[in-house]
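Accompanying notes for the structure given below.
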Amino acid sequence: PSWLSPDWSGGSITLFDDDHWATDPRFGVVLLTWFAILGVLLHSVSAASTRPHDPCYSSNEIGTDVAVHNSIKKNDYNSLHLNKTDELHRRTVLTFMYWMLLPFLMSSNLIVHVGFVVADRTLYLPSFGFCLLLMEALIFLPTYCFRIRTFMTTQTQPARLSSKVMTTVCLLILLAFYTWKQQVQTKRWSRPLLIWGEAYRLNPNSVISGTEYGMSLVNEGRNKDAAVVLREVHKKELSNRYFSHTIGSIKKDDALKDNDNEQKYKHQILEISSTSNLLRTRFKLVTAIGNSGACDKALPMILEGLGWIDDMATKLDSIEKEITNDSTDDTTENSSKSIIMSSVLSLKNANLDNKAYLLVAKSRCSGDVQGMASAAYEAVLARPQMDYVLKHAESVGSAVANIQQTGLDLHNIVTHW
């Protein structure tokens with residue numbers, strides 16, 4: 001598809017405004033879409049309730065007597081062909097409805113609340129119905145031309161031949177077009193920069209596409225370009241916080257209306273999870289800024305992020321302590337608390353990961369070797385088994401050992417990336 005993007009969640013698509021939804025130009029498109037869906041449904045129901053009668057297709061005539069077929073007149077042959085076409089059309093429409101409309105409507109959040117954005121995995125079954133509809137559209141025009149020529153001329157063989165030629169030409173054009181698109185897409189998949197760059201071009205509001213495109217630019221050595229992209233992504237996260245929100249997420253207002261402790265914990269976990277995801281983007285942003293030689297701009301963002309991490313650690317410890325001390329015999333409530341505790345432990349691990357990453361970024365942007373070594377040591381303490389941290393600490397340790405052999409003071413050695 002022309003608008004292929006791995007992420008359309010969150011604020012990728014602007015919702016209708018509560019006051020001016022009727023004047024939004026997309027509102028008319030939505031109405032047309034609903035009318036089209038209802039029209040196809042009605043047509044499918046009509047096709048399911050009716051079956052074309054074909055006297056030339058009776059069980060007594062088909063496959064029993066060759067002389068009967070030879071006695072069919074030309075008009076009877078035309079009627080036979082048209083009835084066969086109508087029957088094929090009826091079956092195609094019904095199969096299209098079963099495979100495309102029904103699975104899609106069940107996963108589109110329009111009729112049944114699913115709780116997540118429509119993903120490509122929910123489009124596999126509907127795509128089969130779409131392919132049937134596409135073939136029906138390709139065959140419809142040649143068949144329509146065949147019907148016109150059948151009533152305008154008594155020579156039906158050229159009409160049937162022209163319809164087959166037209167169908168073949170349409171299929172060849174479609175095959176050539178998809179072959180060309182497949183080659184273009186294969187080239188994009190050869191490099192992460194190309195595939196994520198295309199995804200970001202199609203959907204610049206996507207945080208996921210923007211983050212991956214920015215890191216692809218970093219890996220290609222285009223750190224200044226990456227900093228521009230990642231800075232825009234980070235601004236969206238700071239203003240909207242939609243990166244970790246889904247359709248079924250707990251909203252802040254709903255949590256505040258309910259005084260239940262469980263809802264309070266869930267709201268706090270949601271906020272911490274959102275901040276944790278935001279810090280991942282911040283690490284990628286400060287890495288790009290630092291690699292481009294602007295550590296003076298990156299260091300304040302790193303220190304602010306480390307402060308957020310300390311605050312989140314305090315909140316998570318508080319939640320864990322409250323749940324541990326709150327004992328109850330209610331089985332349902334205990335099950336819910338175990339789920340919350342599992343989320344707390346998961347966020348603690350994510351918090352330590354973010355802390356280690358930001359400490360590595362702080363080590364890179366330190367103004368002297370002593371500060372670089374101290375930040376690298378703190379990163380190892382936070383995540384002693386993380387390969388990224390260990391490799392950085394190893395390189396810093398090697399540099400410190402070489403400097404100490406010369407007898408120079410580590411505070412006097414200025415570093416710059």
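Observations on the structure shown:
- Peptide ranges 335-344, 349-358 listed from the most packed, as the mean C-beta count within 10 angstrom indicates: 349-358, 335-344
- Once the Cα-Cα distance is subtracted from the 0.36 nm per residue extended length, the Leu352 to Val112 segment shows a gain of 82.5 nm.
- Within the accessible area of the range 355-400 (1.4 Å probe), percent carbon and sulfur: 53 percent
- FRET efficiency for the Phe35 to Met341 pair, using the beta carbon distance and R₀ = 41 Å, is estimated at 0.25.
- For Asp368, the residues whose modelled amide H falls within less than 5 Å of its own, excluding neighbours fewer than 5 places apart on the same chain, are Thr415.
- Each residue of the range 382-399 was assigned a 3J(HN,Hα) from its phi angle through the Karplus expression (A = 6.51, B = -1.76, C = 1.60, θ = phi - 60°), giving 6, 9, x, 10, 7, 4, 4, 5, 5, 5, 5, 5, 5, 5, 5, x, 5, 5 Hz with x at Gly and Pro.
- Local charge for Asp311 was computed over the other residues whose Cβ lies under 13 Å away, with Lys and Arg +1 and Asp and Glu -1, and equals -2.
- Report note on the peptides 20-27, 279-286: ranked by the mean count of other C-beta atoms within 10 Å, highest first, their order is 279-286, 20-27.
- Label positions at Arg201 and Asp311, each projected 7 Å from the Cα along the C-beta direction, are separated by 4.0 nm.
The values are calculated or read from the model by the stated rules, or taken from the named source; none is laboratory data. Everything quoted here is computed from the prediction, not taken from an experiment. Positions of Cβ are generated from backbone atoms using ideal geometry, with glycine treated the same way; all protein chains shown enter the neighbour counts. SASA here: full protein model, heavy atoms, side chains in, ligands and nucleic acids out. Shrake-Rupley method; radii C 1.70, N 1.55, O 1.52, S 1.80 Å.
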